[in-house]
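The values are calculated or read from the model by the stated rules, or taken from the named source; none is laboratory data. None of these values were measured; they are calculated from a predicted model. In this analysis, Cβ positions are derived from the backbone assuming ideal geometry, glycine residues included, and neighbour counts consider all displayed protein chains. Keep in mind that these areas ignore ligands, DNA and RNA; they rest on the heavy atoms of the full protein, side chains included. Shrake-Rupley method; radii C 1.70, N 1.55, O 1.52, S 1.80 Å.
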Amino acid sequence: MRKLFFLTPLLVLPLIFGACSDDNNNSSEKGQIQLSITDAPLDADNVAAVNISVTGVQYQNEDGEWETFEGFEGPQTHDLLDLTRGESELLGSFEIEAGTYSQLRFMLDAVERNESQISNPGCYLEFEDGSTQPLFVPSGSQTGYKANGEFTVPMNGVVSVTADFDARKSVVKAGNSGKYILKPTIRLIVEDQAGSIAGMVSNVPEGSEAMVYIYENNTYTEEEEAEPVEEEAVRFANAISSDMVDATGMYKLAFLAPGTYDLVVVENIDGEFSQVLGIVEDVEVESLTETTSDINIEEL
């Protein structure tokens, strides 16, 4: 009987310590992020595809160090021009520590600008005539490309986030070398907080194309339409997104945070900027709602 009296606590102690160990291992609660990719289109009319190859996606842990999402299946190649007007493709679903984040980092299979032409580029342009050109990245960019936008991962829950690669801002042609440079501009949007704006544009000048740029309310200035002074810069650099009015007269601006916006309507001729046709002010966007804003150019 005495043996039972002394052995019982010894048998119980490992169970107690084991339970404590399990509690410590689970003290860091986790959730999931479902990450998708979308795009705002190019304003060039001779480009048929903008292909990017994503080799990994990283996030910052609580110590500020960058970690790669486990379970990312790559490389993944996506044609950004297929992902406009609210279309998106899933990059993956990843477990991550619960909490609030403000940045992700995308790793791309692209060669640096100072390298020679390559035969099998991971990131490249395809033109309407079937020809292709590699997309080069600035020297020192192999550490990845940051995407900005705050999102919260709930404990034991899921947040759906879309990364908007703005191809118009991200793909520029270097004037001296003629190379196409990839300088991704990426914003992050929480899907269940996002809204959109869509409508019809009427009375576009004959022989012209119309583009609609969207700005946060009262942030557009006339300097935005000026010819860029710096190489590899773009017009309308501070626009949040844009869309080209299609042959039916329709445009759509998707994945917008709730708020008040201004729409800047621009005329292009043969793919080149001509003039600003007018501005539609104070357009409201609400979560999970599509705002209709028809535009008659003659009334701007």
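Taking into account only those residues within the range 247-256 that are open to solvent by 20 Å² or more (accessible area, probe 1.4 Å) and modelled with pLDDT of 95 or more, which is farthest from GLU224 (Cα to Cα)? It would help to see each step written out before you state the result.
Applying the first criterion (open to solvent by 20 Å² or more (accessible area, probe 1.4 Å)) to the range 247-256 yields 247-248, 250, 252, 255.
Filter once more, keeping what is modelled with pLDDT of 95 or more: 248, 250, 252, 255.
On the way: THR248: 28, MET250: 24, LYS252: 21, PHE255: 23 Å.
So, considering only residues that are open to solvent by 20 Å² or more (accessible area, probe 1.4 Å) and modelled with pLDDT of 95 or more, the one farthest from GLU224 (Cα to Cα) is THR248.
Give the residues of the range 284-294 that are closer than 19 Å to THR219 by Cβ and part of a strand (DSSP E or B), sorted by residue number.
GLU284, VAL285, THR291
Would you say LYS146 is within 28 Å of GLU67 (Cα to Cα) and either open to solvent by 20 Å² or more (accessible area, probe 1.4 Å) or among the aromatic types (Phe, Trp, Tyr) (or both)?
Numbers: within 28 Å of GLU67 (Cα to Cα): yes; either open to solvent by 20 Å² or more (accessible area, probe 1.4 Å) or among the aromatic types (Phe, Trp, Tyr) (or both): yes.
So LYS146 fits the description; yes.
Scan the range 79-123 for residues that are under 17 Å from the mean Cα position of the chain (by Cα), among the basic types (Lys, Arg) and part of a loop (DSSP other than H, G, I, E, B) and jot them down.
Within the range 79-123, just ARG85 meets the criteria.
Kindly check whether there is at least one residue in the range 89-100 that is of a type in the set (Ser, Thr, Tyr) and either open to solvent by less than 70 Å² (accessible area, probe 1.4 Å) or closer than 17 Å to PHE136 by Cβ (or both).
Initial filter on the range 89-100 (of a type in the set (Ser, Thr, Tyr)): 93, 100.
Now restrict to residues that are either open to solvent by less than 70 Å² (accessible area, probe 1.4 Å) or closer than 17 Å to PHE136 by Cβ (or both): 93.
Scanning the range 89-100 turns up at least one residue that is of a type in the set (Ser, Thr, Tyr) and either open to solvent by less than 70 Å² (accessible area, probe 1.4 Å) or closer than 17 Å to PHE136 by Cβ (or both).
Between a residue in the range 265-292 that is open to solvent by 80 Å² or more (accessible area, probe 1.4 Å) and modelled with pLDDT under 95 and any residue that is of a type in the set (Asp, Glu) and not in a strand (DSSP E or B), which pairs come within a Cβ distance under 8 Å, given they are 6 or more apart or on different chains?
That search, which allows pairs on different chains as well, returns ASP270/ASP45.
Looking at (1) in contact with a Phe, Trp or Tyr (Cβ under 9 Å, 6 or more places away or on another chain); (2) open to solvent by 10 Å² or more (accessible area, probe 1.4 Å), which is the only condition LEU135 fails?
(2)
Scan the range 178-191 and tell me whether some residue there is among the charged types (D, E, K, R), more than 18 Å from THR38 (Cα to Cα) and in contact (Cβ under 8 Å) with a residue 40 or more places away in the chain.
The answer is yes; a qualifying residue exists.
Please pick out the residue among GLU224, GLU281, GLU267 that is part of a strand (DSSP E or B), of a type in the set (D, E, K, R) and either out of contact with any Leu (no Cβ under 6 Å at 6 or more places or on another chain) or farther than 20 Å from ALA44 by Cβ (or both).
Selected residue: GLU281, the only one of GLU224, GLU281, GLU267 that is part of a strand (DSSP E or B), of a type in the set (D, E, K, R) and either out of contact with any Leu (no Cβ under 6 Å at 6 or more places or on another chain) or farther than 20 Å from ALA44 by Cβ (or both).
I'd like to verify a number: residues in the range 52-78 that are among the small types (Gly, Ala, Ser), without any contact (Cβ under 8 Å) to a residue 40 or more places away in the chain and assigned to a strand (DSSP E or B), how many?
0
Among the residues of the range 259-285, which ones are among the polar types (S, T, N, Q) and under 18 Å from ALA226 (Cβ atoms)?
Residues satisfying the conditions are ASN268, SER274, GLN275.
Specify which of the listed residues (ASN156, ASN203) is within 30 Å of GLY92 (Cα to Cα), modelled with pLDDT of 90 or more, among the polar types (S, T, N, Q) and open to solvent by 10 Å² or more (accessible area, probe 1.4 Å).
ASN156
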